[in-house]
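Novice: Got a structure for you, questions after.
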Amino acid sequence: MNTTEPPEAPKPKPTKPTTLEGAARVRWWLFSTMQLVMSIGLILALYERQWLTAAVTLAIIAVKFLPTVMERRLKLEIPDEYEMMAVAFVFASIFLGEVRGYYQRFWWWDVALHTTSGLLLGIFGFLLVYVLNANDRVDLQLRPRFVALFAFVFAVAVGAIWEIFEFSMDQIFGMNMQKPMFDDPSGLTDTMWDLIVDTLGALAISLMGWWHMARKRQSFIDAWIRKFVERNPHLFTR
């Protein structure tokens with residue numbers, strides 16, 4: 001009788017982290033860093049009795065958890081890349097820009113953020129139309145140029161609504177969200193430049209999305225959309 005033990009099965013080689021795992025790791029580090037910075041800012045604001053600054057900082061900390069709440073309540077899974085960009089934008093625009101005064105320190109801060117907002121909103125517009133296009137419960141089929149047009153109009157419209165919000169906050173609460181530019185105390189110049197760069201950012205992402213869709217080529221927008229569809233199959237079934 002052969003008592004020889006069978007050879008031990010080879011151990012599987014450790015696999016490299018996937019793109020998803022890498023994105024999740026970057027997301028964790030980014031959110032942790034922002035949480036630490038804002039917590040320090042909140043403590044300093046409370047210590048110096050800057051109640052408005054403390055309230056705004058606390059609201060931003062709460063907003064940071066909004067994507068997680070939406071995912072749980074609406075049973076959605078937001079791609080890590082888009083979630084990181086959206087939360088980082090809120091952090092850069094409101095905490096760094098308004099609370100820490102980066103709009104006054106760096107003249108280009110407002111321009112860069114409004115351009116970025118046009119890009120982000122354009123991507124969201126593409127995602128929204130794709131969800132409606134691919135959902136069997138919604139009878140909607142749009143050509144690439146109409147999808148791009150919707151994304152562009154959507155981004156510009158939200159940018160305009162934000163400018164109305166800034167104007168309202170300045171008029172009602174005496175804030176300074178509309179930054180005077182070129183010796184224009186009314187803030188009109190700032191508003192117009194914000195709308196212009198919003199439009200340029202939205203136009204750039206819409207043209208890029210249309211170009212890729214018309215030629216059936218893949219882009220990072222497609223990768224994010226595919227990831228969204230894979231994580232939320234219930235949105236695309238009857």
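The values are calculated or read from the model by the stated rules, or taken from the named source; none is laboratory data. Since the structure is predicted, the reported quantities are computational estimates derived from the model, not experimental observations. Neighbour counts run over all protein chains shown; Cβ positions are idealised from the backbone, glycine included. These accessible areas exclude ligands, DNA and RNA; they are computed on the full protein's heavy atoms, side chains included. Shrake-Rupley method; radii C 1.70, N 1.55, O 1.52, S 1.80 Å.
Novice: Filter the stretch 90-120 down to the residues that are modelled with pLDDT of 85 or more, part of a helix (DSSP H, G or I) and among the aromatic types (Phe, Trp, Tyr) and list them by number.
Specialist: Once the filter is applied, which keeps residues that are modelled with pLDDT of 85 or more, part of a helix (DSSP H, G or I) and among the aromatic types (Phe, Trp, Tyr), the stretch 90-120 yields Phe91, Tyr102, Trp109.
Novice: Scan the stretch 69-87 and report the pairs whose first residue is modelled with pLDDT under 65 and whose second residue is assigned to a helix (DSSP H, G or I) and open to solvent by 40 Å² or more (accessible area, probe 1.4 Å), with Cβ atoms within less than 9 Å and a gap of 6+ or a chain change.
Specialist: From the stretch 69-87, the pairs are Leu76/Met70; Leu76/Arg231.
Novice: Criterion first (at negative phi, at pLDDT 80 or above and surrounded by 15 or more Cβ atoms within 10 Å (Cβ to Cβ)) does Ala45 satisfy it?
Specialist: Yes, satisfied.
Matching residues to (1) buried (at least 18 other Cβ atoms within 10 Å of the Cβ); (2) at pLDDT 70 or above; (3) closer than 17 Å to Ala155 by Cβ:
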position: Phe182; (1), (2), (3): no, no, no
position: Leu200; (1), (2), (3): no, yes, yes
position: Leu207; (1), (2), (3): no, yes, yes
position: Gln218; (1), (2), (3): no, no, no
position: Ile221; (1), (2), (3): yes, no, yes
position: Ile225; (1), (2), (3): yes, no, yes
position: Phe236; (1), (2), (3): no, no, no
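Novice: Hey, another quick one. Suppose the filter is closer than 28 Å to Arg231 by Cβ, polar (S, T, N, Q) and modelled with pLDDT under 85; does Gln141 pass it?
Specialist: yes
Novice: Quick check on my filter: what residues within the stretch 140-178 are farther than 15 Å from Leu207 by Cβ, among the β-branched types (Val, Ile, Thr) and touching a residue at least 12 places away in the same chain (Cβ under 8 Å)?
Specialist: Val158
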